[in-house]
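Every number in this text was worked out from the coordinates using simple rules, so none of it is lab data. Small disclaimer: the values here were computed from a predicted structure and weren't measured. Heads up, the Cβs are rebuilt from the backbone with ideal geometry, glycines too, and the neighbour counts pull from every protein chain shown.
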Amino acid sequence: MTSGTSSHLVRGGARRRAALVLGLAGALALPVAALASPPNLTYNPLPTSRSTWWGTNGRVTDIVPAGGRVYIAGGFDYVGPSTGYGVGVDSTGKRLGGAPLVDGVVNAAVPDGSGGWFIGGSFSHVGGVYRPSAAQVTASGTVTGWNPKPKGTVYALALTPTSVVLGGEFTQVGSTPVGATRLGAVDRSGGAAVAGWSASANATVRDLVSSGGSVFVGGDFSTINAASRSHLAKLSASTGALDPTFGSTASAPVLALAVSPDGTRVYGGGSFTAAGDGSTSTARNRLAAWDATTGALAPWSPSADNTVEALSVDPGAGTVYAGGLFSTLGGAARARLGAVDAAGSVTGFDAGLNGCNTRHTTKDTHSNPACTPEVSGLAVGNGLLYVGGRFGSSGSSTRHDAAAFNLGNGNLVSWNPVSGDRVLALAPSGTSIFVGGEMTSVNGVVRKGIAALDASTGAADPSFSADTDNEVLDLQLSADGSRLYLAGSFLTVQGQPRSKMASIVTATGLVDKGFAPAFNKEVLSIGFGGGAVYAGGQFTKIGGIARKHAAKLDAATGAVNTSFTANTVGPTGSLRAGGMVQALAVKPDGSMVFLGGPFTTVNGTNRPGGIATVSGATGALLPQQFGGVQSCSGAGPWLTHLHLSADGRRLYGGDVCPDNIYQWDAVNLSSPSNPTGLIYRTWCNGGMQGALEVNGDFYYGTHGNACQLSPTNTTQASRQRFAAFDAATGALLPDAPTFNSPMGVWSLAAVPQGLLVGGDFTWVTSSDWVQQGLVLFTGTP
């Protein structure tokens, strides 16, 4: 790729190669793709020219443009604008105008005393300005010159009258770097290391709190400044010297700290089960309090049944708010959040937090990953308790990962930034609040499993909401566009029972009441042809009718077509699932159905290679079949993904191993002159997850990072999760944007504005282009 702001690529040679192959293929009557039209896509635009299309908070498995909408499906429960990992919001939760984009996780934030904030985390840029792991942002969104340059991750910040103390997992700080092992102090103007300030920890520092000329430190460490200190210590704010009289201890990491309003007591939360003063140890389950001067353990002893991750204190009442992973607090049921008074008694405050979503971390997951709600950030200000974490609601009110409660009566208030992912840091500054964490977006909308975006703007269509209770794996539009079929691992759509498959009326956005087939296991792939819907997956029954892994359904009623039987069987186990159909493609007229998966027989007849072509009318194996599928030792051969060209003439497939890419003749299939039907075979590591042929080019989504140059040239070139080929020759094209997720690209679609790409990624091309789940490359694919 050439340097600069875009990669507008011209490939006259590609046209000549295509013409040559077309001439050769004509003699064999192969359905060669049309002459390639070189893509003119911008893969690396200037920040001001980047697409404003909304993204998601999880995997996008399919993209279907239709009419004025673009439908997306996957493992997400949120869609929203790309705003970065930390933003200032107003008293309603709306993002402040001019808020700069942070390109990495924000773990900590503190108000700077002037309406803005100091922030710390694992980012590289803020508003396009290089600010590794720490920055200052004003209320108007300006990134100041404060640049302490910690070399590593910042987990905690504390403000003193003259400095900012940083804690985390770093080795140096300072605008002119000086050595600093997990602890450092810098001035509040430029970020220079404070002369004479020196402190170090032998393991990660998790939290800091400043009080009365001292800084309390909590974390994973066992020594501070080379002196024994078990997870808790007290330092001089001005020098970093260890207070020798404060010898408080905890049996396991202290993750959260807070100080009482009068400064006489320090509270700690974490994963410990015992705490002490250095000479004795007493049972304290995840919460404890110590005298801030002597370090003596206080009698305050509420118990949490799981980790406490966040603490905050009401400066008026002295009430301690605790958040984390617990279900009970002081013996009372309190899901992830509770309040304890100064005497140690649990109050009546109960936020009723529940539900959450988390992104995929493995490739072959056909359902949403398990998610445990948690509270990981708390702050008090403006008479409110601000709460951040990973949750979906408070009681019956939707609150996605952030909420606020009235300190006086405990009631939920209207503040609602709607964060896309876990909130770790909250910092009120006047009536504005900084919200930071693992999210890439705020001010979006909750959409579970499926969403519709406006085809012109890329923002969510507010009129469409068809939430599912689990992942949607595939979408298919009916020929007339009146119905959108969805398949996956869900059991409900819009709150109505729909086992693994459903139909949405596109005109209304409502579930089609007449279409309700009940599959007993996951539907992985669907297709539409000849007025019928075809399904492939792990299922063995549909509404009591036996069908092993493949079925044909009435498009209006969902009734099983009993004339069609294409039962597949293969090895058992989670990887092969008894010979499931993992991929499916259908000729537009419904005459042929292509099946891919780890099966070895179809309707009792041996079918090698994990690919089969059956009659769209009966399901019977056709006389002509594809071949040429290769395998690895211990894996395969079978096809995990199939894509039929829009004209129905070429079938693309990707195998489980060795990750080949195949193009077959979908018109003639096998013939005496071409017994396998194979036009060419090339290779990318990682396997095919998404595919699209458009304008003579073939786009490929994967979780790999290399492809060979052509079917006959095995020299490899780097391709990070995405590749483009000349569809006629299989030659690798120079288009090479980078996607950061190891799980990669799963879906592709052409739209008038360019090429939409969906997957698991959180940034594209460079870390400062934050765009999770879905990105638009503008231009012509």
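As a test of the formula, what do you get for the chain when each DSSP H run with n ≥ 4 contributes -39,500 (n - 2.57) and the sum is divided by the residue count, at 222 nm and rounded to the nearest 500 deg cm²/dmol?
One gets -500 deg cm²/dmol as the mean residue ellipticity at 222 nm.
Measuring from label point to label point, each 7 Å out along Cα→Cβ, what is the residue 431 to residue 508 span in nm?
According to this spin-label approximation, the distance is 4.3 nm.
What distance in nm separates the two pseudo spin-label positions at residue 66 and residue 668, each 7 Å out from Cα along the beta-carbon direction?
3.6
Sort 81-91, 169-179 by the packing proxy (mean of other Cβ within 10 Å over each peptide's residues), most packed first. Spell out each step's value before the answer.
On the way: 81-91: 23.9, 169-179: 18.3.
With the highest mean Cβ count within 10 Å placed first, the list reads 81-91, 169-179.
Say each of residue 632 and residue 414 gets a label point 7 Å from the Cα, pointing the same way as Cα to Cβ; how far apart are those two points in nm?
Distance between label points: 5.6 nm.
Putting +1 on Lys and Arg Cβ atoms and -1 on Asp and Glu Cβ atoms, find which of 251, 298, 285 reaches farthest to the positive end of the dipole of segment 225-320.
So the residue we want is 251.
Can you tell me the 0 to 90 degree angle between the C-alpha axis of helix 12-28 and the longest principal axis of the chain, rounded to 10?
Between helix and principal axis, roughly 40 degrees.
Excluding residue 253 itself, what net charge comes from residues whose Cβ is under 15 Å from its Cβ, given Lys and Arg +1 and Asp and Glu -1?
So the surrounding residues net to +1.
Please arrange 401, 314, 103, 647 by counting, for each residue, the other beta carbons lying within 10 Å of its beta carbon, fewest first. Intermediate results must be reported in sequence, preceding the final value.
Numbers: 401 30, 314 18, 103 24, 647 13.
Arranged by neighbour count, lowest to highest, 401, 314, 103, 647 become 647, 314, 103, 401.
Pull out the extension gain between residue 241 and residue 457, defined as 0.36 nm times the separation in residues minus the alpha carbon to alpha carbon distance; nm, one decimal.
72.2 nm is the gain from fully extending residue 241 to residue 457.
For segment 37-164, build the convex hull from the C-alpha positions and give me its volume per residue in Å³.
Here the figure is 169 Å³ per residue.
Using 0.36 nm per residue, how much length does the chain from residue 541 to residue 283 gain when fully extended, once their Cα-Cα distance is taken away?
87.4 nm
In percent, what relative contact order does the chain have, based on Cα pairs under 8 Å that are 6 or more apart in sequence?
The value is 11 percent.
Taking the beta-carbon count within 10 Å as an exposure proxy, list 698, 519 from fewest neighbours to most.
Least crowded to most crowded, the residues run 519, 698.
Could you give the size of the charge dipole of the chain about its Cα centre, using +1 on the Cβ of each K and R and -1 on the Cβ of each D and E, expressed in debye and rounded to the nearest 20?
Taking the Cα centre of the chain as origin, the dipole is about 1200 debye.
Per residue of segment 173-187, what does 6.51 cos²θ - 1.76 cosθ + 1.60 with θ = phi - 60° give for ³J(HN,Hα)? Whole Hz please, x for Gly and Pro, Karplus curve as stated.
9, x, 4, 10, x, 10, x, 7, 8, 6, 9, x, 10, 10, 6
Taking 8 Å as the Cα distance limit and 6 or more residues as the minimum spacing, I'd like the relative contact order of segment 312-418 as a percentage. If you can, show how the numbers build up before the last one.
On the way: 232 pairs, mean separation 21.3, N = 107.
Result for segment 312-418 is 20 percent.
Hey, quick one: spin label on residue 129, modelled 7 Å out along Cα-Cβ, who in segment 68-106 has an amide N within reach, i.e. under 18 Å?
So the set is 84-89, 96-104, 106.
For residue 767 and residue 479, what is the calculated FRET efficiency with R₀ set at 41 Å and r taken between the beta-carbons, to the nearest 0.05?
0.45
With θ taken as phi - 60° and the coefficients 6.51, -1.76 and 1.60, list the Karplus ³J(HN,Hα) couplings across segment 697-705 in order, rounded to whole Hz; mark glycine and proline as x.
Karplus values, whole Hz, x for Gly and Pro: 10, 10, 9, 9, x, 7, 10, x, 9.
For residue 491 and residue 685, what is the calculated FRET efficiency with R₀ set at 35 Å and r taken between the beta-carbons, to the nearest 0.05? Intermediate results must be reported in sequence, preceding the final value.
Numbers: r = 36 Å, r/R0 = 1.02.
That gives a FRET efficiency of 0.50.
List the pairs from 513/587; 521/552; 448/541; 448/548; 548/587 whose alpha-carbon separation is above 19 Å, in the order I gave them.
Cα-Cα > 19 Å for 513/587; 448/541; 448/548; 548/587; rest within.
For residue 151 and residue 718, FRET efficiency with R0 = 22 Å and r from the beta-carbon atoms, rounded to 0.05?
In this case the efficiency is close to 0.20.
Scan around residue 107 for amide H atoms under 5 Å from its own, H built in the peptide plane at 1.01 Å from N, and keep only partners 5 or more places away or cross-chain.
Hits under the 5 Å cutoff: 120, 121, 122.
For residue 234, which aspartates and glutamates qualify as cross-link partners when the Cα separation must be under 14 Å and same-chain residues fewer than eight apart are set aside?
207, 243, 277, 291
Taking other Cβ within 10 Å of each residue's Cβ, how do 600, 613 sort, fewest first?
600, 613
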